[in-house]
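Since every read-out is calculated from the coordinates, none of them should be taken as a lab result. Only a predicted model underlies this, so the values are computations on that prediction, with no experimental measurement involved. Because the Cβ atoms are built from the backbone with ideal geometry, glycine has one as well, and the counts that use them run over all protein chains shown.
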Amino acid sequence: MTKIRAAITGVGGYVPDYILTNDELSRMVDTTDEWIMTRIGIKERHILKGEGRGTSDMGAEAVKQLLEKTKTDPSEIDLIICGVVTPDMLFPATANIIADKTNIRNAFGFDMNAGCSSFLYALTTASKYVESGSHKKVIVVGADKMSAIVDYTDRATCPIFGDGAAAVLVEPTTEDFGVVDTILQSDGVGRIHLHQKAGGSAKPPTHETIDAREHYVYQEGQPVFKWAVSKMADVSVEMMERHNITPETLNWLVPHQANMRIIEATANRMGISKEQVMINIQRYGNTTSATLPLCLWEWENQLRKGDNIILAAFGAGFTWGSLYLKWAYDGDKVG
Ligand code: UT7
């Protein structure tokens, strides 16, 4: 029987209009553009403003653009998975809300939360449904409104994060393109270094948890940095070795955009040059589940059919992984 592969056949994206610059941040907390650029590599990030607007509003914009670009009717979609850490509500799933806002009525859908690796986990899951032959048009969204859980009085975390969303369409192909292989890993011991203390079932919200500012991102930067550098590079190098990919035959690395220094360390371990790496952290910051698809969205018109691409991520959990993809279409011929 011919093997069915799961190929990305389109990308849509959305970032909100409001831009929070390092200069504005340095008027809010004790920081400087120079510190943020040297230690993290971020110049500005987009922030979703407006009462009652949540992650699904950005996800829906990305999905609408994706449907338009790929000339897909919402009724054709049979599964929608949303990678997200900042759902609109604890329940129902943000995937369901995005589906409603984009008139997707024939699909089942659910959220996946694997910290900053959420999109990688969700894309892998989607590819399994497609490879099995059970689903033909699957949307994977990566979306986060990190500004909802960032403490803008904490200089150690507030420069890092931004808001955004992007989505891909995944379809079956019998050609030699699409998702070739994935390595996904996790180690729950890392949760002590990166989490949100209150608001879940272990510590429901109370006046005390709010007064103690426990509904924000809690991060111990240094241990997270060390794990991220070693784990993201380990699985990316392993992926290259498994498939005999060399620095010469790899077209693109799409790394999670958490810190420019982590991206550079990963590229160095893989032996590739910076020109082979998609980097937009300067303009968006860490948009958590949205970083990888936002890169694909921005670089789409440079991508060629057959390009060898490795996606890599590291996030809360800890979770991490890499995914090897053969790009399925010429990105400049879209729309
Ligand atoms: O996406 C999920 C995964 N997350 C990550 O991958 C994040 C990984 N961690 C990091 O990227 C880095 O650890 C951070 C960017 C979070 C922090 O950078 P760092 O080089 O590890 O800084 P640090 O936490 O060791 O702090 C160094 C100094 C401290 O001052 P002292 O104690 O040396 O006097 C901090 O108080 O920098 C100070 N500092 C700041 N100074 C100016 C911390 N934040 C700031 C700031 N502006 N915004």
Placing each pseudo-label 7 Å from Cα in the direction of the beta carbon, Q282 and A202 end up separated by a distance in nanometres of 3.9
The convex hull of the Cα atoms of the range 19-110, divided by residue count, gives a volume in Å³ per residue of 134
Note: S230 to S75 extended length (0.36 nm per residue) minus current alpha-carbon separation gives 51.5 nm
Any DSSP H helix in the chain with Cα axial reach of 27 Å or more and mean Kyte-Doolittle score of at least -1.0? Listed by number, the hits are 221-242
Expressed in angstrom and ordered largest first, the alpha-carbon extents of the chain along the principal axes are 60, 46, 36
For the table K69/K274; K128/K203; K69/K326; K137/K231, the rows whose alpha-carbon distance is greater than 26 Å are K69/K274; K128/K203; K137/K231
For the range 242-335, listing GluC sites (Glu not before Pro) in a DSSP loop whose Cβ sees at most 12 other Cβ atoms within 10 Å gives E248
Karplus-derived 3J(HN,Hα) from phi for the range 137-153 (6.51 cos²θ - 1.76 cosθ + 1.60, θ = phi - 60°), whole Hz, x at Gly and Pro, runs 9, 10, 9, 10, 10, x, 8, 7, 9, 5, 4, 6, 10, 9, 8, 7, 10
If N is the residue count of the range 180-333, its Cα Rg over 2.2 N^0.38 Å rounds to 1.16
Between the residues M232, A165, I210, the Cα farthest towards the positive end of the dipole of the range 160-234, that dipole coming from +1 and -1 charges on the beta-carbon of Lys, Arg, Asp and Glu, is from I210
Contour minus Cα-Cα span, E248 to I4, at 0.36 nm per residue, comes to 85.1 nm
Residues of the range 298-335 with backbone N under 19 Å of the label point set 7 Å from the Cα of K274 along Cα→Cβ are 299
Note, the range 75-86: 3J(HN,Hα) by Karplus (6.51, -1.76, 1.60, θ = phi - 60°), whole Hz, Gly/Pro = x, goes 5, 7, 6, 10, 7, 9, 10, 10, x, 7, 10, 10
Two pseudo-spin positions, 7 Å from Cα along C-beta at H195 and at T209, lie apart in nanometres by 1.2
Along the dipole axis of the range 1-122 (charges at Cβ: +1 for Lys and Arg, -1 for Asp and Glu; origin at the Cα centre), the most positive-end residue among I77, M58, T31 is I77
When all Cα-Cα pair distances of the range 222-285 are considered, the percent exceeding 20 Å is 23
In debye to the nearest 20, the charge dipole size for the chain, taken about the Cα centre with +1 at each Lys and Arg Cβ and -1 at each Asp and Glu Cβ, equals 400
Rounded to the nearest 5, the percent of DSSP beta bridges in the range 180-333 running antiparallel is 75
Subtracting the Cα-Cα distance of K136 and L90 from 0.36 nm times their residue separation yields 13.7 nm
